[in-house]
Amino acid sequence: MPALPPFRFFGGKGGVGKTTCAAAAALASAESGHRILIVSTDPAHSLGDALSVPLSAEPQTLSTRSGTLLAAELDVERALDRWLGERRETLRKIAERGTYLDQEDVDRLLGLSLPGADELAGLMELTRLARESGARETVVDTAPTAHTLRLMEVPGLLQRFAGILDALGERHRILSESFGHGGRQPDLTDELIAEIEEEGREMGELLRDPARASFAWVLLPEALAIAETRDALNTLDEAGIPVSEVIVNRVAGHPGEMEAIAEIRDVFGDRNLRFLPEFEKEPRGLPSLRKVAKALSLGPPASSRPFRKSRLEAGGPRGKKILDELAPPGLRLLFFGGKGGVGKTTCAAAAALVIAEGTESQDVLLLSTDPAHSLADVLETPLGDDERPIPHAPRLHARELDADAAFEAWRGRHHDELGGALGAFAGESREAIEKLLDITPPGLDELVALSSILDATEEDRLVVVDTAPTGHALRLLEAPELALEWDRALLSILLKYREAVSLGSLAAELVELSKSLKRLLALLRDPARARFVAVSRDAELPRRETLRLLEELRSLSISVPAVIINAMGDGEPRKVPTGCAIIIAPAMYPPPRGAKALAGWARTWKQQS
């Protein structure tokens, strides 16, 4: 098997320009005479938009001045199907040897979509493409912060998965060695276990080797981006994955930026700091990306355009009227989502504050499901995994989900019962059971968010949801259907083996979950009770991603009454054929923070005629 080439990862909060920086860096490396591969692992791809070239899951060669640049956007579902398809028989054999499940049960479980496949299949597909490309280096345009951190956890997950498969095969190995003739010979099951373990080990070592993997983190000179970057880099440092380079993007010369840049120098001064100016036109296509690459190699930029301080018009009824129409009586779920960095958290918080002000009988819960939370920073009030009242907003509570804590609590409640049920299926494979109970499932963020939304909608109130960036927001909205398939499969297996398995409260919980999921699916598809507001900006990459988002939401039968064009300066945004209302939210620098400023800003929103 060919050795993995070096990797160069670009990460950061959504919307900070990491795709543009990754594409520019890859282009510069290629045109210095090398063969370079750039791959997007973000489920809401914008790499093709940045390069102005349609991309697919297989690398294609771009026309460069010199060298070779290959580019691809991962299709993780196809990648997972291919990986499983090549190994299905071997996985089935391991499951049949190590459990009491029959072939029908194993095939049903292997045929289900896997929650959280983006990170799991993404890293395996990334290594496949890197090996086969013959590239000198692989540049990776990652998903926004939280899911980049999940991606970095995949090597350990693969090694633990290999350990579970190995433990499931232990009983078969003992029997073969005891009753076989001439001892047991290694077979395909052993090869697969070794392959998975080796893949996890090799990638884990590569990520922690600065000679083979480098990390550049992109941020804007803004308070929210600085806070998220500090947390992310601390997490990566603790995992032994140091980030050596920090890129401060879109430095425009705002007076308030100097304070932010001073903080960046203070907090991240021990890393290689680079500064990029805000370009007059959004960089798209190879000629523009060459300018970005050139700026990346220079020192701190001068201001690229004159700055005029943001000023809000006097508050009026128009913003309040718009929000009354977006959230009429009877609405239960109001999602805000879009490309990372467009300001969906700010818009969700501002809308929730004004909606809560206008209600006399219904409470409002503002729920952040983005693992890289910024809701507390926007509201300027401490938040946690419990519902907390928002000062000066008597009918509004807010919560930032902690997926890891919620899952640990759930696992603690059901540990013994799960162990008993798994024991009935796995026989003597106690080691495999303990390893399985100890593993954190892929898709944890969406699974916990789904559970929390289910609980929140059982009460008579409006739930305003601040979602993760586009790809993972869609994964959340697809989760009810996926969870229902898993629920039915698990319940069917429990009932089939009810003589061997004590059903207990676990089966009852699965039955109740099925009912709740069906209610949630009906709610999501009812425009009188559930709606999705897409947040965008008047720039080409956000516009293209928004149009793809709207198409996906329509395929899920989810109502989209409006698109908010955020941070709009003077003039009108370009006409976008969205099929829904266009709401203009004016630009402010710095962006509004705190209940009073947010509510005042929301009242200035207007609808495009």
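Taking loop as defined by DSSP and a crowding limit of 12 other beta carbons within 10 Å, which GluC sites (Glu not before Pro) in region 455-549 fit? Working shown, then result.
Details: sites: 458, 459, 478, 481, 485, 499, 509, 512, 540, 545; in loops: 458, 459, 499.
Qualifying residues, ordered by number: 458, 459, 499.
Which net charge results when you count Lys and Arg as +1 and Asp and Glu as -1 among the other residues whose beta-carbon is under 14 Å from that of residue 552?
Overall, the nearby charge balance is 0.
Give, in whole angstrom and from largest to smallest, the semi-axes √(5λ) of the equivalent ellipsoid of region 21-83, with λ running over the eigenvalues of the Cα gyration tensor. Let's see the in-between values first.
Numbers: eigenvalues 98, 29, 17 Å².
In descending order, the three semi-axes are 22, 12, 9 Å.
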Cα long-axis angle, helix 344-357 against the chain (0 to 90 degrees, to the nearest 10):
70 degrees
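Accessible area per residue of region 546-609 at 1.4 Å probe, in Å²? Walk me through the intermediate numbers first.
On the way: 2910 Å² over 64 residues.
For region 546-609, the solvent-accessible area averages 45 Å² per residue.
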Using the Karplus curve 6.51 cos²θ - 1.76 cosθ + 1.60 with θ = phi - 60°, what ³J(HN,Hα) values do you get for each residue of region 398-403, in whole Hz, with x for Gly and Pro?
9, 8, 10, 5, 10, 4
When the helix-only estimate is applied to the chain (DSSP H runs of n ≥ 4, each -39,500 (n - 2.57), divided by the residue count), what is the mean residue ellipticity at 222 nm, nearest 500 deg cm²/dmol?
-16500 deg cm²/dmol
Using modelled amide H (1.01 Å from N, peptide plane; none on Pro or chain starts), what sits under 5 Å from the amide H of residue 12, excluding residues fewer than 5 places away?
145, 218
Expressed as an acute angle from 0 to 90° and rounded to the nearest 10, what is the orientation of the C-alpha long axis of helix 76-98 relative to the principal long axis of the chain?
30 degrees
Averaging sequence separations of C-alpha pairs under 8 Å and six or more residues apart, then dividing by the length of the chain, give the relative contact order as a whole percent.
17 percent
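Once you have the Cα-Cα distance between residue 188 and residue 53, take 0.36 nm times their residue separation minus that, and quote the gain in nm to one decimal. Please list the in-between numbers first.
Values: separation 135, 0.36 × 135 = 48.60 nm, distance 4.12 nm.
That works out to 44.5 nm of additional length.
Rounded to the nearest percent, how much of the accessible area of the chain (1.4 Å probe, protein heavy atoms only) is carbon and sulfur?
Values: 13530 of 26010 Å².
Of all accessible area on the chain, carbon and sulfur atoms account for 52 percent.
For region 16-165, just run the numbers: alpha carbon Rg, then divide by 2.2 N^0.38 Å, N being how many residues it has. Intermediate values should be presented prior to the final figure.
Details: Rg = 17.8 Å, N = 150, 2.2 N^0.38 = 14.8 Å.
Computed over Cα atoms of region 16-165, the ratio equals 1.20.
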For region 355-404, what is the accessible area per residue in Å², given a 1.4 Å probe and the full set of protein chains?
45 Å²
With every protein chain kept in place and ligands, DNA and RNA left out, what is the accessible area per residue of region 92-131? Probe 1.4 Å, answer in Å².
37 Å²
Here FRET efficiency (C-beta to C-beta, residue 273 to residue 496, R₀ 51 Å, nearest 0.05) is 0.30
Once you put a point 7 Å from the Cα of residue 237 and another 7 Å from the Cα of residue 294, both along the Cβ direction, what distance in nm separates them?
3.6 nm
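If packing is taken as the mean number of other Cβ atoms within 10 Å per residue, what is the order of 399-407, 25-33, highest first? Working shown, then result.
Working: 399-407: 17.8, 25-33: 21.0.
Those peptides, ordered most packed to least, come out 25-33, 399-407.
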In degrees rounded to 10, the 0-90 angle between helix 540-555 Cα long axis and the longest Cα principal axis of the chain is 50 degrees
Determine the sum of side-chain charges near residue 217: Lys and Arg each +1, Asp and Glu each -1, restricted to other residues whose C-beta is under 11 angstrom from that of residue 217.
+3
For residue 512 and residue 409, FRET efficiency with R0 = 22 Å and r from the beta-carbon atoms, rounded to 0.05?
0.80
Interchain or long-range residues, amide H under 5 Å from residue 273's placed H
246
In whole Hz, what ³J(HN,Hα) sequence does region 233-241 give by Karplus (6.51, -1.76, 1.60; θ = phi - 60°), x for Gly and Pro?
5, 4, 4, 5, 4, 5, 7, x, 10
Would you mind computing, in nm to one decimal, how far apart the modelled labels at residue 244 and residue 547 are, each placed 7 Å from Cα along Cα→Cβ?
4.0 nm
List the residues, sorted by chain then number, that are 5 or more residues from residue 137 or on another chain and whose placed amide H is less than 5 Å from its amide H.
37
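Would you kindly state how much longer the chain becomes between residue 459 and residue 63 on full extension, computed as 0.36 nm times their sequence separation minus their alpha carbon distance, in nm to one decimal? Intermediate results must be reported in sequence, preceding the final value.
Numbers: separation 396, 0.36 × 396 = 142.56 nm, distance 5.67 nm.
Working it through step by step, the gained length comes to 136.9 nm.
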Note, ³J(HN,Hα) from phi for region 11-16, Karplus 6.51, -1.76, 1.60, rounded to Hz, x at Gly and Pro:
x, x, 4, x, x, 8
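Could you tell me which of rounded, prolate or oblate describes the chain, using a ≥ b ≥ c as the square roots of the eigenvalues of the alpha-carbon gyration tensor, with rounded for a/c under 1.5 and, failing that, prolate when a/b is larger than b/c and oblate otherwise? Please report the intermediate quantities before stating the final value.
Numbers: a/c = 2.11, a/b = 1.27, b/c = 1.67.
Judged from the Cα gyration tensor, the chain comes out oblate (a/c at least 1.5, b/c at or above a/b).
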Gain on full stretching of the segment that runs from residue 481 to residue 132 - 0.36 nm per residue minus C-alpha separation:
122.1 nm
What distance in nm separates the two pseudo spin-label positions at residue 82 and residue 572, each 7 Å out from Cα along the beta-carbon direction?
4.7 nm
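The values are calculated or read from the model by the stated rules, or taken from the named source; none is laboratory data. None of these values were measured; they are calculated from a predicted model. Cβ atoms come from the backbone with ideal geometry, glycine included; neighbour counts cover every protein chain shown. Just so you know, the surface numbers come from the protein's heavy atoms only, side chains and all, with ligands and any DNA or RNA stripped out. Shrake-Rupley method; radii C 1.70, N 1.55, O 1.52, S 1.80 Å.
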